Amino acid sequence: MTTKAKFISSLKIWIVIYPSITLFLHFFGELLSGMPLYQKTLILTISLVPWIVFIGLPLLNALTGFIFSQKKV
């Protein structure tokens, strides 16, 4: 994998991770605030890793594939 491909891949992952974590903490942050950090981290990763791997990244890849496959007139 080239450096450019690694950079694009890491950028796509960040585009999915950042809003996912932000929304998760917005909706569940207060509920989790009384828990120890290791428990909050466990709950966050158990719920967000499958979302990112199975839904978020494939959706982003499909969207970017659709956008970049459009021919310019």
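Results, tabulated for the structure shown:
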read-out	value
Test: residue in region 62-69 that is among the hydroxyl-bearing types (Ser, Thr, Tyr), surrounded by 12 or more Cβ atoms within 10 Å (Cβ to Cβ), over 9 Å from the mean Cα position of the chain (by Cα) and in a helix (DSSP H, G or I)	yes
Count of region 1-37 residues which are of a type in the set (A, V, I, L, M) and over 19 Å from residue 49 (Cβ atoms)	4
Cβ-Cβ under 9 Å pairs, at least 6 apart or on other chains, region 1-25 side closer than 21 Å to residue 62 by Cβ, far side surrounded by fewer than 11 Cβ atoms within 10 Å (Cβ to Cβ)	9/1
Meets criteria (charged (D, E, K, R) and modelled with pLDDT of 95 or more) for residue 72	no
Neighbours by Cβ (under 9 Å, 6+ apart or cross-chain): first from region 27-45, modelled with pLDDT of 95 or more; second not in a helix (DSSP H, G or I)	40/33; 43/35
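Yes/no matrix, rows are residues, columns are (1) assigned to a helix (DSSP H, G or I); (2) exposed (fewer than 10 other Cβ atoms within 10 Å of the Cβ); (3) within 10 Å of the chain's Cα centre (by Cα):
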{"residue": "1", "(1), (2), (3)": "no, yes, no"}
{"residue": "17", "(1), (2), (3)": "yes, no, yes"}
{"residue": "25", "(1), (2), (3)": "yes, no, no"}
{"residue": "35", "(1), (2), (3)": "no, no, no"}
{"residue": "42", "(1), (2), (3)": "yes, no, no"}
{"residue": "46", "(1), (2), (3)": "yes, yes, no"}
{"residue": "50", "(1), (2), (3)": "yes, no, yes"}
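The values are calculated or read from the model by the stated rules, or taken from the named source; none is laboratory data. Quick caveat: nothing in here was measured; it's all calculated off a predicted structure. No Cβ is skipped: glycine too gets one built from the backbone with ideal geometry, and neighbour counts run over all protein chains shown.
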